[in-house]
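The values are calculated or read from the model by the stated rules, or taken from the named source; none is laboratory data. Worth saying up front: this structure is predicted, and the values here are computed from it rather than measured. FYI the Cβ positions are ideal-geometry reconstructions off the backbone, even for glycines, and counts take in every protein chain you see. Areas reflect the complete protein model, heavy atoms only, side chains present, ligands, DNA and RNA absent. Shrake-Rupley method; radii C 1.70, N 1.55, O 1.52, S 1.80 Å.
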Amino acid sequence: MRQDIKETIERLREEIRRHNYAYYVLDSPRVSDAEYDELFRRLEQLEREHPELITPDSPTQRVGAAPSDGFPTAVHAIPMLSLANAFSENELRDFDRRVRKLLDRDDVTYVAEPKLDGLSVELIYENGILVRGSTRGDGVNGEDVTANLRTVRSIPLRLRSINSSTPALDEARFVEARLVEARGEVFINKGDLRRLNEEREKNGLPPFANPRNLAAGSLRQLDPHVTATRPLRFYAYDYGRLEGIEVSSQIKLLDTLATLGIPTNPLRHICHGIEQAISFYHEFQRMRADLPYEADGIVIKVNDFASREKLGTVSRSPRWAIAGKYPAQQGVTKLKDIVVQVGRTGVLTPVAILEPLRLRGVEITHATLHNEDEIVRKDIRIGDMVIVQRAGEVIPQIVGPVIERRDGSEKEFVMPTTCPVCGSDVVRLPGEVARRCLNVSCPARIKESIVHFVCKGGFDIDGFGVKLVEQLLARGKISRVSDIFHLMRDNLIGLDRMGPKSADNLLRAIEHA
């Protein structure tokens, strides 16, 4: 093989890596999209002609893995801790007082960063090459989603050099570090989510609920090719272990990671004392609606790593950091009705039917009321004007009624004494707040059991959703979980949105499960 071909391939890879760095890390693209695409096509063509020269860290290898049967467990060498929350200035000042007391000094420098609404992951690089990527999981054990993370274009497959003698943008050799564990957030921009949903609605598919759900669901796809179709992004904000690199502060860490080619959020702020951090907390609240991504607060961290070591951790949270969260966005709408749903274990759950209300771009029409004790405690009545908020910015819940707006037409809600689906007696066992239908043959319990079985958390059968379960039950094609594995092609064709190709795909997914 001619040496010049090998050199040309490596030159193209280096050039593409430099442009990726300029685009994703420096936010300063050096070429047009068309010019970048042309470089990429030339590299793909040469690698097709000389497959023996393909390397795992080549920019063309972001979508190369076959679908997985599941995700193996990835153990974090250093636990990925969760953060304590603060929802007011006073709580942030309390955090600062604890920090200063433990450090026995009055001057503490903090770094404030946006708290993105995505999924936390860890990237492990050995000798400059990405070898594993995993979700946070429970903080100790995550899911190994390396193949999917390799499809995220802002995540480098190979790190840059930290040799300061050459301009960062023109240098793309192996990094000197033996080990880099970078931790950060995978997220999706609001505009990208909007465009994806517009496309899905054109194709008759349900829209994605919010950016976080989309990011999390995309990373848990068993087929990396599906993940590659989602415009995911990544910002690093922390580390696990570093070998061969010395960093002494949060700001130095973020600068170093960026130099290595790992994107970090440029919207970070050095705060000399908690009052500057609180000012940034309010400033960020005003600007966040105009940001391209969702953020539900800021994270305030002690900048100095030696101080962090002294502060240590409590339970599963560090003493040196806190999340300054914003109150969940609220709105007022009318509670039209309360209906009762029956779950797979027979629990009856009251659900509020609301006049449509938009909160942060999401239309809210339903909200859980948890149980009858909660309804009584909050004195919620049918016909009330109620305050609705998205708990954690995602799950709609009713805060309470606007009592001064009652006109006397409101009705108190009474939980049924018989199952609203099968008519069986409902019981409330001693020590429980929930009422239950004890009929194991209740159609609602059967449906919810099947839905739980086929959806995420169960067998995760691709394409087998709630609507399909309802159709199959209504037409008598299934009556229990085991019937799923006896479905035939003729049982599926003719159902809504179920042609021959869709039926075959579903049967393959069932067989795979």
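In a residue-by-residue description of the stretch 364-372, the property of being over 30 Å from LEU119 (Cβ atoms) and in contact with a helix residue (DSSP H, G or I) (Cβ under 7 Å, 6 or more places away or on another chain) applies to no position.
Restricting the stretch 470-501 to residues that are of a type in the set (A, V, I, L, M) and not in a helix (DSSP H, G or I) leaves a set whose member that is surrounded by the fewest Cβ atoms within 10 Å (Cβ to Cβ) is MET488. For LEU123, state whether it is touching a Gly at 6+ places or on another chain (Cβ under 8 Å), buried (at least 22 other Cβ atoms within 10 Å of the Cβ) and either outside any helix (DSSP H, G or I) or at pLDDT 95 or above (or both). It is true that LEU123 is touching a Gly at 6+ places or on another chain (Cβ under 8 Å), buried (at least 22 other Cβ atoms within 10 Å of the Cβ) and either outside any helix (DSSP H, G or I) or at pLDDT 95 or above (or both).
Among the residues of the stretch 491-505 satisfying the criterion of being in contact (Cβ under 8 Å) with a residue 24 or more places away in the chain and in contact with a helix residue (DSSP H, G or I) (Cβ under 9 Å, 6 or more places away or on another chain), which is nearest to LEU473 (Cα to Cα)? Show your work before the answer.
Keep residues of the stretch 491-505 that are in contact (Cβ under 8 Å) with a residue 24 or more places away in the chain, which gives 495-498, 502, 505.
Still in the list and also in contact with a helix residue (DSSP H, G or I) (Cβ under 9 Å, 6 or more places away or on another chain): 495-498, 502.
Details: LEU495: 12, ASP496: 14, ARG497: 16, MET498: 15, SER502: 19 Å.
Once the filter is applied, the top-ranked residue is LEU495.
Selection of the stretch 484-502 for residues being under 23 Å from GLN341 (Cβ atoms) and at pLDDT 85 or above yields only ILE484. Go through (1) assigned to a strand (DSSP E or B); (2) farther than 30 Å from ARG195 by Cα; (3) open to solvent by less than 50 Å² (accessible area, probe 1.4 Å) and name the single condition THR365 misses. Answer for THR365: the failing condition is (2).
This table checks each residue for (1) outside any strand (DSSP E or B); (2) surrounded by 13 or more Cβ atoms within 10 Å (Cβ to Cβ); (3) more than 33 Å from the chain's Cα centre (by Cα).
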{"residue": "GLN397", "(1), (2), (3)": "no, yes, no"}
{"residue": "ASP407", "(1), (2), (3)": "yes, no, yes"}
{"residue": "PRO420", "(1), (2), (3)": "yes, yes, yes"}
{"residue": "VAL426", "(1), (2), (3)": "no, yes, yes"}
{"residue": "LEU429", "(1), (2), (3)": "yes, no, yes"}
{"residue": "VAL440", "(1), (2), (3)": "yes, no, yes"}
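The residues of the stretch 503-513 include none that are in a loop (DSSP other than H, G, I, E, B) and either at pLDDT 85 or above or under 22 Å from ALA444 (Cβ atoms) (or both).
Quick check, is LEU159 over 19 Å from the mean Cα position of the chain (by Cα) and either modelled with pLDDT of 90 or more or buried (at least 19 other Cβ atoms within 10 Å of the Cβ) (or both)? So LEU159 fits the description; yes.
Does VAL454 meet the test of being open to solvent by 50 Å² or more (accessible area, probe 1.4 Å), of a type in the set (Val, Ile, Thr) and either closer than 29 Å to GLN221 by Cα or under 30 Å from the mean Cα position of the chain (by Cα) (or both)? Answer is no for this residue.
Here ASP504 passes the criteria (1) open to solvent by less than 60 Å² (accessible area, probe 1.4 Å); (2) closer than 30 Å to LYS378 by Cβ except the one numbered (2).
Given the criteria more than 20 Å from the chain's Cα centre (by Cα), aliphatic (A, V, I, L, M) and either outside any helix (DSSP H, G or I) or surrounded by 17 or more Cβ atoms within 10 Å (Cβ to Cβ) (or both), does ILE270 qualify?
yes
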